[in-house]
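Notes to accompany the following structure.
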Amino acid sequence: GGGTVPPFFLISIATVLQKAGFDVTFLEAMAEHIPLGDIDVRPYKAVVTSTSTMSFGEDSYVLEHFKKQNPELFSVVYGSHTTFMPKAAVQRKSVDVAVRREPEHTVRDVLLAKKNGRDWRPTPGIAYLDPETGPVVNDRAEYLEIYELPYPNVDLLPKDVHYFNPLVMRPPYMTMITSRGCPAVCTFCTAPFLYVTKTRFQSADRVLGEMDYLISKGYREIYF
């Protein structure tokens, strides 16, 4: 239906990083139709982006372009592809860290370790390339309780972009989740592998509080 969605998980990661003390720039290049050649990453130390198996070739090319601009740029990639094919992901020279499963706390922990001069490589939930031994896949990270996550900082999104969803009658709208995880193991679905088979629910107060927050930001409809 030509629908577009706010980059919900990337906003969630950016918000967690802000809460951890990082200076975050959020770039919504797709929605704002920003050409790759117009993006300057030279002032930055790290880049975080999502990927999928369908888009991994293009995504790794974008990171390669960034690293030509800034050879010291540290790249962290998350999503279904890095979860299911971490060894293949980190064999691309443009990928420094492949995050497996839920990204928010794992991305934060890797970047905090790097920022504070500690070894980020033992961080659970990641894969990376050891130049001598090849791909290394760490143990999975503990699943997080979603009530630990802050409300997503929607002020990061561009003000003049309204996402189109054929099911939404009153834009602008925002995505919201009330749970993560699923006890079923359907062969066509990634959810139980990305978010484990334990279902974790938001409390009713938390859901209503986030709805109030989104309404206060001007959103007129919520897509669950």
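The values are calculated or read from the model by the stated rules, or taken from the named source; none is laboratory data. A quick note: this is a predicted structure, and the numbers were derived from the prediction, not measured. All Cβ positions, even for glycine, are placed from backbone atoms using ideal geometry, and neighbour counts span all protein chains on display. For accessibility, only protein heavy atoms count, side chains too; no ligands or nucleic acids. Shrake-Rupley method; radii C 1.70, N 1.55, O 1.52, S 1.80 Å.
Select from Asp59, Asp38, Asp139 the residue whose mean-square fluctuation is largest in a Gaussian network model of the chain (Cα-Cα springs shorter than 10 Å).
Asp38
Any idea which of Tyr151, Pro122, Val95 is furthest toward the positive side of the dipole for the chain, if Lys and Arg beta-carbons carry +1 and Asp and Glu beta-carbons -1?
Pro122
How would the stretch 122-172 be classified by its alpha-carbon gyration tensor: rounded, prolate or oblate, with rounded meaning a/c under 1.5 and the a/b versus b/c comparison settling the rest?
Verdict is prolate for the stretch 122-172.
How much of Val16 can a 1.4 Å solvent probe reach, expressed as accessible area in Å² and rounded to 10?
10
Looking at the chain as a GNM with Cα springs under 10 Å, which of Leu157, Leu17, Leu63 has the largest mean-square fluctuation?
Among Leu157, Leu17, Leu63, the largest mean-square fluctuation in the Gaussian network model of the chain belongs to Leu157.
Students often get this wrong, so check it: of Lys45/Lys115; Lys45/Lys68; Lys19/Lys115; Lys68/Lys114; Lys45/Lys67, which have C-alpha atoms separated by over 18 Å?
Cα-Cα > 18 Å for Lys68/Lys114; rest within.
DSSP loop (so not H, G, I, E, B), at most 13 other Cβ within 10 Å: list which GluC sites (Glu not before Pro) in the stretch 75-162 pass both filters.
Of the GluC sites (Glu not before Pro), the ones in loops of the stretch 75-162 whose Cβ has at most 13 other Cβ atoms within 10 Å are Glu132, Glu142, Glu145.
Could you pull out the longest piece of the chain with no exposed loop trypsin sites (Lys or Arg not before Pro) in it, calling a site exposed if DSSP puts it outside H, G, I, E, B and it has at most 16 other Cβ atoms within 10 Å?
Between exposed loop sites, the widest span is 46-92.
Roughly how compact is the stretch 1-129, stated as its Cα Rg over 2.2 N^0.38 Å to two decimals? Could the numbers behind the result be given before it?
Details: Rg = 14.0 Å, N = 129, 2.2 N^0.38 = 13.9 Å.
Working it through for the stretch 1-129, the quotient is 1.01.
What residue among Ser12, Ser55, Ser80 shows peak mean-square fluctuation when the chain is described by a Gaussian network model with Cα springs under 10 Å?
Ser55
Considering only DSSP beta bridges with both partners in the stretch 1-139, what is the antiparallel share in %, to the nearest 5?
Details: 6 of 15 bridges.
Given both bridge residues lie in the stretch 1-139, the antiparallel proportion sits at roughly 40 percent.
Express the relative contact order of the stretch 88-212 as a whole percentage, based on alpha carbon pairs under 8 Å and six or more residues apart in sequence.
19
Quick one: net charge of Pro183's neighbours, Cβ under 13 Å, K/R +1, D/E -1?
Summing Lys and Arg as +1 and Asp and Glu as -1 gives +3.
Taking a ≥ b ≥ c as the square roots of the Cα gyration tensor eigenvalues, with a/c under 1.5 meaning rounded and otherwise prolate when a/b beats b/c, else oblate, which class fits the stretch 5-51?
Numbers: a/c = 2.38, a/b = 1.23, b/c = 1.93.
Note, shape of the stretch 5-51 comes out oblate.
Tell me the label-point distance for the pair Thr187, Lys87, using the 7 Å Cα-to-Cβ offset, in nm and rounded to one decimal.
Placing both labels 7 Å beyond Cα along the Cβ direction yields 2.4 nm.
Note the full-extension length gain between Arg121 and Arg200 as 0.36 nm times their separation in residues minus their Cα-Cα distance, in nm to one decimal.
Gain on extension, Arg121 to Arg200, equals 25.6 nm.
Under 15 Å from the Cβ of Phe201, count the other residues' Cβ atoms, weight Lys and Arg +1, Asp and Glu -1, and hand me the total. Walk me through the intermediate numbers first.
Details: positive: Arg180, Lys198, Arg200, Arg206; negative: Glu145, Glu148, Asp205, Glu210.
Summing Lys/Arg as +1 and Asp/Glu as -1 gives 0.
Just how large is the dipole of the stretch 1-111 about the Cα centre, in debye to the nearest 20, putting +1 at every Lys and Arg Cβ and -1 at every Asp and Glu Cβ?
It works out to roughly 400 debye.
Between the stretch 139-207 and the stretch 1-73, what's the alpha-carbon centroid distance in Å?
Comparing the Cα centres of the stretch 139-207 and the stretch 1-73, I get a distance of 19 Å.
To the nearest 0.05, what FRET efficiency results for Glu145 and Asp38 with a Förster distance of 45 Å applied to their C-beta separation?
Values: r = 39 Å, r/R0 = 0.88.
It comes to 0.70.
Counting only protein heavy atoms, what percent of the accessible surface of the chain is carbon or sulfur at a 1.4 Å probe?
The nonpolar share, carbon plus sulfur, comes to 55 percent.
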